[in-house]
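Enquirer: Let me give you the structure first, and then I'll get to my questions.
The values are calculated or read from the model by the stated rules, or taken from the named source; none is laboratory data. A quick note: this is a predicted structure, and the numbers were derived from the prediction, not measured. All Cβ positions, even for glycine, are placed from backbone atoms using ideal geometry, and neighbour counts span all protein chains on display. Ligands, DNA and RNA are excluded from the accessible area calculation, which covers all protein heavy atoms including side chains. Shrake-Rupley method; radii C 1.70, N 1.55, O 1.52, S 1.80 Å.
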Amino acid sequence: MVNDHADDTGLRFALQVTGFELATEPPAPDTPLARILAYATEHGYENLTDEHFDMAKLGLL
């Protein structure tokens with residue numbers, strides 16, 4: 001039997017310790033993360049720069 005979902009207990013713990021959590025659902029549409037993901041889907045992840053993240057936080061992306 002193949003487990004498509006690897007055991008991510010270590011990852012969840014590391015994220016929790018650093019103040020983050022592993023998302024299981026897509027981000028709300030009008031959030032900086034959603035804007036970054038939409039941009040990256042259209043233009044490619046390799047084209048993201050720090051400026052894109054700044055623009056997404058300001059709602060300009």
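Enquirer: If you check every pair at least six apart or on different chains, which have Cβ atoms under 6 Å apart with a residue in the stretch 32-47 that is without any contact (Cβ under 8 Å) to a residue 60 or more places away in the chain first and a residue that is in a helix (DSSP H, G or I) second?
Expert: From the stretch 32-47, the pairs are Pro32/Ala56; Pro32/Lys57; Arg35/Ala56; Ile36/Ala56.
Enquirer: Looking at the stretch 50-60 only, could you name the residues that are within 15 Å of Pro27 (Cβ to Cβ) and part of a helix (DSSP H, G or I)?
Expert: Result: Phe53, Ala56, Lys57.
Enquirer: Next question. Out of the stretch 4-25, which residues are open to solvent by less than 100 Å² (accessible area, probe 1.4 Å) and charged (D, E, K, R)?
Expert: Passing the criteria: only Asp8.
Enquirer: I would also like to ask the following. Would you please list the contacts, defined by Cβ atoms under 6 Å and residues six or more apart or on different chains, that run from a residue in the stretch 2-24 that is over 24 Å from Ala34 (Cβ atoms) to a residue that is open to solvent by less than 100 Å² (accessible area, probe 1.4 Å) and modelled with pLDDT under 85?
Expert: Taking only residues 6 or more apart or on different chains, not a single pair turns up.
Enquirer: Just to verify a result, which residue in the stretch 26-49, among those that are assigned to a helix (DSSP H, G or I) and among the small types (Gly, Ala, Ser), is most open to solvent (accessible area, probe 1.4 Å)?
Expert: It comes out as Ala38.
Enquirer: Among the residues of the stretch 1-16, is any among the hydroxyl-bearing types (Ser, Thr, Tyr) and at pLDDT 85 or above?
Expert: Within the stretch 1-16, none of the residues are among the hydroxyl-bearing types (Ser, Thr, Tyr) and at pLDDT 85 or above.
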